[in-house]
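See structure below.
The values are calculated or read from the model by the stated rules, or taken from the named source; none is laboratory data. All values reported here derive from a predicted model rather than from experimental measurement. Positions of Cβ are backbone-derived with ideal geometry, glycine not excepted, and every protein chain shown enters the neighbour counts. Side chains are part of the model used for accessible areas, which takes the heavy atoms of the whole protein and leaves out ligands, DNA and RNA. Shrake-Rupley method; radii C 1.70, N 1.55, O 1.52, S 1.80 Å.
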Amino acid sequence: PVLRAPESNFRDPKVFWHRNKWVMLLTVGVRVRLYTSNDLIQWSVLSEVEGFTAPAESVYECPDIFPLELELEEGASKTLWVILVSRPNGAPNGGSGTQYVVGNFDGHRFDA
């Protein structure tokens, strides 16, 4: 992907095809942003993901997003989305760790 650096500390894009467009999940310091593109060259910011907490001196790495299909009663189902990020430092018990949020993703916004 071609993207002008949004800040000095951004990393590890996760790019996937969703609803006839490319979507990129990108960590920017201690924030997680969603971008979109039709051609993998020109990217536009969709939204910022809420729900993660990290100390200011930490950064997020290796974001991932995936659907999780839930089977409900009487054959019904519901799809939720999971976003996870790694933290190289500042985890609750010290050292590195992983955080996740579960919510809805409509192709534009992720709501936890």
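For the stretch 33-49, the tally of residues that are out of contact with any Lys or Arg (no Cβ under 9 Å at 6 or more places or on another chain) and either at pLDDT below 90 or in a strand (DSSP E or B) (or both) stands at 3. For Glu7, the criteria (1) in contact with a strand residue (DSSP E or B) (Cβ under 7 Å, 6 or more places away or on another chain); (2) free of Cβ contacts under 8 Å to residues at least 24 places away in the same chain; (3) within 23 Å of Asp106 (Cα to Cα) hold in every case but one, which is (3).
Scanning the stretch 52-111 for residues that are surrounded by fewer than 16 Cβ atoms within 10 Å (Cβ to Cβ), under 13 Å from the mean Cα position of the chain (by Cα) and in a strand (DSSP E or B) gives Glu61, Cys62, Asp64, Phe66, Pro67, Val82, Thr98, Tyr100, Val102, Gly103, Asn104, Asp111. Looking at the structure I just gave you, is Ser37 without any contact (Cβ under 8 Å) to a residue 40 or more places away in the chain, open to solvent by 40 Å² or more (accessible area, probe 1.4 Å) and hydroxyl-bearing (Ser, Thr, Tyr)? No.
Kindly provide the set of residues from the stretch 1-32 that are open to solvent by less than 40 Å² (accessible area, probe 1.4 Å) and either at pLDDT 90 or above or within 12 Å of the chain's Cα centre (by Cα) (or both), ordered by number. Listed by number, the residues that qualify are Phe16, His18, Lys21, Val23, Met24, Leu25, Leu26, Thr27, Val28, Val32.
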